[in-house]
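A quick write-up on the structure given underneath.
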Amino acid sequence: MEPVIPIIILALPLAMFLVLGLCGHKMAHRTAGILGTLGMGVTMVLAYITAFTYFFSGAPEFINAEGVRLQYVVFNPEWLSFYKDLAIKIGFLLDPISALLLVVITTISFMVHLYSNGYMRDHHGVWETGFQRFYAFLSLFSFSMLGLVVATNIFQMYIFWELVGASSYLLIGFYYTKPSAVSASKKAFIVTRFADLGFLIGILILSFYTGTFEFTDFTSVNVGKDTFAIDMSAPTAILAKFTSSPAPMFLGGSVLTWALVLIFMGGMGKSAMMPLHIWLPDAMEGPTPVSALIHAATMVVAGVYLVARLFPLYLMEETALNIITVVGALTAFYAAMVACTQVDIKRVLAFSTISQIAFMMVSLGVARPEFHHGLGYMAGMFHLFTHAMFKALLFLCAGALIHAIGSNDYTAMHGLRKYMPITHISFLIGCLAIAGIIPFAGFFSKDEILTAVFGHSIFWYIWMSAVAGLTAFYMFRLYYLIFWWKEHKIPEGHHAPHDQPWTMTLPLVILAIVSCVAGFVPFGNLVTWNGHPMFESVNFFTNLTALDWSVAAISLSVAVIAILIATVMYKKENPLPDKMKNALPRLWDWCYHRFYWDELYMFITHKIIFGCICKPIAWFDRHIIDGTMDGFAWVTQRLSFAIRGLQSGNIQFYVWVYLFGVVLLGAITAICLL
Amino acid sequence: MELTILWYLIPSLLMFCCGVYGFITRKNMIAMLISLELMLNAVDINFVVFNRFLFPGELEGMFFTLFAIALAAAETALAIAIIINVFRISEKIDVDDVTKMKY
């Protein structure tokens with residue numbers, strides 16, 4: 001494959017960032033918007049071409065004679081060369097998951113670019129301040145995210161990992177005059193940065209013992225020029241380095257376990273796993289299209305992608321996988337509980353995102369090659385794909401609602417289904433997809449995850465099914481509270497809320513259609529952990545026929561029951577929700593306050609770290625170190641004031657002093673000589 | 001009575017001491033300048049005398065003196081210019097009044 005298209009895929013968003021960032025303020029708003037959208041559109045087409053070539057061209061560098069998909073390094077030049085064995089490369093790795101992510105990122109990014117043309121101006125057509133800056137940052141984000149997924153080595157991934165963090169910071173804090181947005185952006189940056197510290201240490205441990213950064217060295221063996229096949233002999237060799245060399249045990253775990261857990265910690269920060277999830281709900285302070293792009297569809301799945309990228313290595317350490325499973329399962333349940341009580345629609349969607357990403361994590365955590373060729377891995381990636389589509393859809397719908405109503409609060413909405421029919425239908429499709437109703441996208445991916453969990457442990461299966469039920473419940477609660485319930489009276493002289501301009505509805509329609517049909521993509525033949533296809537032959541109904549119907553029937557009925565409960569409770573105004581709230585006041589309170597995680601963090605950081613550690617250090621710095629320096633300065637100043645009278649400006653006095661000095665010197669010389 | 005080196009050095013020393021005394025005690029800047037010239041000329045005499053008595057065949061001391069005289073003329077011109085400027089500003093050439101360049 002020629003490297004031209006991959007280079008353009010990376011270079012075009014970067015060029016857009018530079019052009020819009022440097023010259024944007026001189027452009028008309030409309031020009032900047034069209035330019036950014038066109039640039040992303042071209043990138044999307046090129047990414048589609050690349051992914052299509054990878055999956056369907058059948059070229060020998062992409063798929064071998066047995067039908068196994070290979071990893072192909074398109075280009076991988078040296079970027080930073082420290083010395084002979086230590087060089088950091090920047091390259092472009094094409095394999096099933098990077099091709100998948102190329103499609104997901106460019107699609108969602110293009111939709112968001114298009115949508116923002118409508119969203120970032122008010123009802124009178126007045127453009128938002130900093131509109132060009134917004135597009136510049138969107139391009140920067142797209143560039144960094146694309147660079148992250150095509151990384152050939154873990155260090156390149158880390159560089160772009162930080163870049164997506166920085167662009168996320170810039171976009172959350174887009175309304176930088178709003179104090180809440182500023183603090184949210186700081187929170188997001190600090191929490192993810194803290195997690196990235198673990199990631200960096202993990203990278204260093206891993207590469208210290210293995211002597212390489214390349215993903216292909218970690219997980220696959222070379223089978224031809226630039227082509228690699230995932231093979232367990234590579235990670236086994238890595239494991240051998242850790243077990244045979246003087247690699248010590250540390251706190252009851254082998255060094256490889258620690259490296260993998262620390263790398264996963266980076267993923268926990270980016271993917272908002274408990275206990276590092278606190279930044280994501282606050283990140284909703286950013287503009288809604290940003291929430292759709294970064295905090296629902298692409299950046300937050302980077303952690304999942306990281307684990308998937310190193311998955312063969314994780315297979316070497318059962319402990320690390322079990323940690324991933326437990327963290328994911330706890331987070332999924334927690335976030336689903338909290339989402340049931342939130343009032344702000346973007347917060348509900350944020351917690352739903354956390355919960356769904358946790359689903360993917362669990363899916364990776366329970367994936368084992370012995371069970372259905374690593375079904376969990378494929379299901380996790382499948383869910384990543386479908387979730388990106390329907391969650392971006394839900395967020396863009398939420399954006400349309402917020403744009404129409406001017407508030408994030410569902411109590412200001414109620415009964416909007418007549419006024420905004422397109423948004424209503426799209427939102428309903430999104431809800432059905434996330435709830436897992438056949439034949440929408442979420443059904444297939446979630447069902448495959450549950451099958452994989454079922455194959456691993458019954459306990460977690462029941463647990464995750466409960467979470468799936470909660471998901472259906474809170475999504476339909478939100479749906480009914482926004483579009484049904486009682487209508488607000490439109491005050492005299494106000495327009496009724498209505499569907500938004502075509503730039504905003506078109507992405508909704510496209511994503512809604514994708515959410516309807518994405519479930520039928522025969523993922524088992526495209527994305528598997530080792531590239532081996534799962535089915536002999538595929539057609540449109542492969543996913544339907546390959547279902548494990550016992551699991552599917554249970555999850556379907558759980559979802560339907562949850563939706564029915566939501567219907568009973570929230571379709572019309574009734575006392576049931578209040579009754580339930582009063583029956584379980586403590587639980588409701590805890591859920592509403594997100595189990596007091598933020599307060600716990602505040603306590604730890606402010607009371608313990610700031611109060612007990614930082615304050616004494618600051619005191620020492622102010623008083624002891626600064627005091628010493630101030631003392632020197634004070635003494636010098638006093639002394640110079642005392643002797644400055646000598647410089648009187650009186651020349652004859654100087655001459656007297658000089659004369660006295662000469663005589664004294666002469667006398668001393670004379671005494672010495674004699 | 002032979003004309004030894006002391007016959008030259010003692011007047012030179014007296015001249016120098018007069019110069020120092022004048023420089024320290026006189027307040028008028030022109031008078032101070034004259035005292036300065038006195039000291040300079042005393043030194044010039046010393047150069048010539050030492051050359052004459054210690055290195056009879058050589059001429060370095062003589063020429064040094066010539067240079068010193070030329071330089072002294074230039075320096076005097078400069079000093080006079082400064083004094084005139086001071087006078088223009090403060091209408092006085094008393095050295096006690098020129099004490100602005102302190103601290």
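Worth a mention:
- All conditions but one from (1) part of a helix (DSSP H, G or I); (2) under 20 Å from A:I230 (Cβ atoms) apply to A:T43; the one that does not is (2).
- Of the residues in region A:607-616, not one is under 28 Å from A:L280 (Cα atoms) and not in a helix (DSSP H, G or I).
- Restricting attention to region A:340-358, the residues that are of a type in the set (A, V, I, L, M) and more than 19 Å from the chain's Cα centre (by Cα) total 2.
- Among residues of region A:636-674 being within 14 Å of chain B (Cβ to nearest Cβ) and of a type in the set (V, I, T), the one that is farthest from B:V98 (Cα to Cα) is A:V663.
- Those residues of region B:74-83 which are away from every other protein chain (no Cβ under 14 Å) and either surrounded by 11 or more Cβ atoms within 10 Å (Cβ to Cβ) or part of a loop (DSSP other than H, G, I, E, B) (or both), in sequence order: B:E75, B:T76, B:I80
- Annotation note: Cβ proximity below 7 Å between a residue of region B:88-103 that is away from chain A (no Cβ under 11 Å) and assigned to a helix (DSSP H, G or I) and a residue that is surrounded by 11 or more Cβ atoms within 10 Å (Cβ to Cβ) and among the aliphatic types (A, V, I, L, M) (sequence gap 6+ or interchain) occurs for no pair.
- Out of B:L33, B:L3, B:L14, sole residue that is of a type outside the set (D, E), surrounded by 16 or more Cβ atoms within 10 Å (Cβ to Cβ) and farther than 17 Å from B:F67 by Cα: B:L33
- Residues satisfying the stated conditions in region A:452-464, i.e. crowded, with 24+ Cβ neighbours inside 10 Å and not small (G, A, S): A:V453, A:M464
- Helices (runs of 4 or more DSSP H) contained entirely in region A:177-287, each with at least 3 residues that are over 14 Å from the mean Cα position of the chain (by Cα): A:179-210, A:215-219, A:233-244, A:255-270
- Qualifying residue in region B:43-56 (condition: within 14 Å of chain A (Cβ to nearest Cβ) and either out of contact with any Asp or Glu (no Cβ under 7 Å at 6 or more places or on another chain) or touching a residue at least 40 places away in the same chain (Cβ under 8 Å) (or both)): no
Just so you know, all these numbers are worked out from the coordinates, no wet-lab data involved. In this text, all values refer to a predicted model and were calculated from it rather than measured experimentally. Heads up, the Cβs are rebuilt from the backbone with ideal geometry, glycines too, and the neighbour counts pull from every protein chain shown.
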